[in-house]
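> This is the structure, below, for whatever I ask next.
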């Protein structure tokens with residue numbers, strides 16, 4: 001269910017883009033994001049920081065896109081989100097008792113402190129690469145290619161990262177946890 005709520009705005013953006021253009025798709029993603037956040041709030045009475053930041057950036061960059069009639073602003077939004085996530089994960093290495101990855105997954109698995117930090121740094125690098133890759137696609141290909149990359153490419157790369165993370169973690173778990 002959570003995955004559907006998270007990807008609902010992106011799917012709406014993609015469908016509306018295929019039927020119309022980037023400006024209509026931008027208006028649609030702003031509305032869909034607001035609806036997804038409202039649904040999340042109604043369901044759990046909470047919104048996490050990532051959802052709020054992403055929603056705010058959709059509203060700001062989407063609003064600028066609509067106001068100026070230029071799709072480049074909504075195309076920059078993923079880069080800004082990825083860079084913010086990269087910086088947040090990096091800062092968590094030095095501020096607070098736990099990295100973001102450990103806060104998200106620490107209840108489910110037990111890793112050594114060094115492993116948590118290494119895993120956190122993997123996500124720092126992943127988000128930095130995704131930010132650069134988004135800009136590369138924006139400036140090297142046409143708008144339609146970027147839209148396809150935004151839905152299919154980023155999803156595939158994120159799934160690949162999660163799979164690699166799972167493999168990496170499985171090799172570092174204590175034997176007692178591997179058997180559970």
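> For the condition under 17 Å from residue 14 (Cβ atoms), touching a residue at least 24 places away in the same chain (Cβ under 8 Å) and out of contact with any strand residue (DSSP E or B) (no Cβ under 8 Å at 6 or more places or on another chain), what is the one hit in 145, 154?
On the way: 145 fails: touching a residue at least 24 places away in the same chain (Cβ under 8 Å).
Matching residue, one of 145, 154: 154.
> Are there any pairs, at least 6 apart or on different chains, whose C-beta atoms fall under 7 Å, with the first in the range 3-21 and more than 18 Å from residue 37 (Cβ to Cβ) and the second modelled with pLDDT of 95 or more and part of a helix (DSSP H, G or I), and if so, which?
Partner pairs satisfying both residue conditions: 14/147; 16/24; 16/25; 16/28; 17/25; 17/147.
> In the range 44-58, what count of residues is obtained for those that are more than 16 Å from the chain's Cα centre (by Cα) and more than 19 Å from residue 104 (Cβ to Cβ)?
Taking the range 44-58 first, the residues more than 16 Å from the chain's Cα centre (by Cα) are 44-46.
Subset that is more than 19 Å from residue 104 (Cβ to Cβ): 45.
The total comes to 1.
> Just checking, how many residues over the range 16-46 are outside any helix (DSSP H, G or I) and either in contact with a helix residue (DSSP H, G or I) (Cβ under 6 Å, 6 or more places away or on another chain) or at pLDDT 95 or above (or both)?
Taking the range 16-46 as the starting set, the residues that turn out to be outside any helix (DSSP H, G or I) are 20-21, 45-46.
The next check asks that each one be either in contact with a helix residue (DSSP H, G or I) (Cβ under 6 Å, 6 or more places away or on another chain) or at pLDDT 95 or above (or both); those that pass are 20-21.
Of the residues in the range 16-46, 2 are outside any helix (DSSP H, G or I) and either in contact with a helix residue (DSSP H, G or I) (Cβ under 6 Å, 6 or more places away or on another chain) or at pLDDT 95 or above (or both).
The values are calculated or read from the model by the stated rules, or taken from the named source; none is laboratory data. Fair warning: this is a prediction, and the values are worked out from it, not measured in the lab. For neighbour counting, all protein chains shown are included, and Cβ atoms are generated from backbone atoms with ideal geometry for every residue, glycine included.
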